[in-house]
1. Can you tell me how many residues in region 19-38 are farther than 20 Å from Y71 by Cα and of a type outside the set (A, V, I, L, M)?
2. Just the residues that are free of Cβ contacts under 8 Å to residues at least 60 places away in the same chain, within 19 Å of R72 (Cα to Cα) and in a helix (DSSP H, G or I), please, taken from region 11-46.
3. For region 16-73, give me the residue count where each residue is buried (at least 17 other Cβ atoms within 10 Å of the Cβ) and within 15 Å of Q4 (Cβ to Cβ).
4. So which residues in region 4-52 are over 26 Å from the mean Cα position of the chain (by Cα) and among the hydrophobic types (A, V, I, L, M, F, W, C), if there are any at all?
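FYI, it's all coordinate maths here, none of it is from the lab. None of the values given here were measured: they were computed from a predicted structure. Virtual Cβ from ideal backbone geometry, glycine too; neighbours counted across all protein chains shown.
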Amino acid sequence: MNKQEFLEELKESLSGQVPPNEINENISYYKDYIENNPQGKSEQETIDEIGNPRFIAKSIIDTYTNSHGEYRESSYQENTGYGNGNSNGNFYGGGNTYGSGDSEYSYYNGAHVTSTSIFHKIWNVISLVLVVLAISFLIIAGVTVFVHFILPIILIWILVRFLIRVFQGE
């Protein structure tokens with residue numbers, strides 16, 4: 001297997017499983033690695049060392065899925081209702097957009113644009129604030145219970161023990 005075959009098989013294995021920008025980043029990485037091998041190995045030795053592109057693709061897909069959730073490819077028109085009605089997702093003269101729920105990966109004449117929903121970011125911040133408030137409330141409630149109920153019982157127990165020792169010592 002030569003470099004071109006390796007990269008095509010990797011791209012084919014990743015296609016539809018991760019966003020196009022992830023595919024491009026990984027193809028670029030492996031192309032650079034094969035071409036600029038720091039150990040001075042031949043292209044074929046480097047490809048043999050890297051291994052099966054389908055196994056590499058599986059690892060990339062699993063890593064992406066674990067950190068971003070499952071990728072679902074859909075057209076711009078499906079996600080937003082805009083577009084010119086082409087089934088391939090082309091709009092405004094040759095662009096393609098692939099969505100994954102929270103983000104859209106847009107390609108317009110070869111340029112890549114990513115837009116993440118502001119509402120998703122706001123929801124994350126609100127969730128974090130609510131978790132911090134809940135933890136703070138639990139800590140304050142725990143301290144309040146300790147100070148109002150448990151501490152007086154401990155102080156009474158210490159006082160009783162002290163009085164018993166004082167009167168037994170007489």
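1. 10
2. Hits for region 11-46 are K11, E12, S13, L14, E22, I23, E25, N26.
3. Within region 16-73, residues that are buried (at least 17 other Cβ atoms within 10 Å of the Cβ) and within 15 Å of Q4 (Cβ to Cβ) number 5.
4. F6, I34, I47
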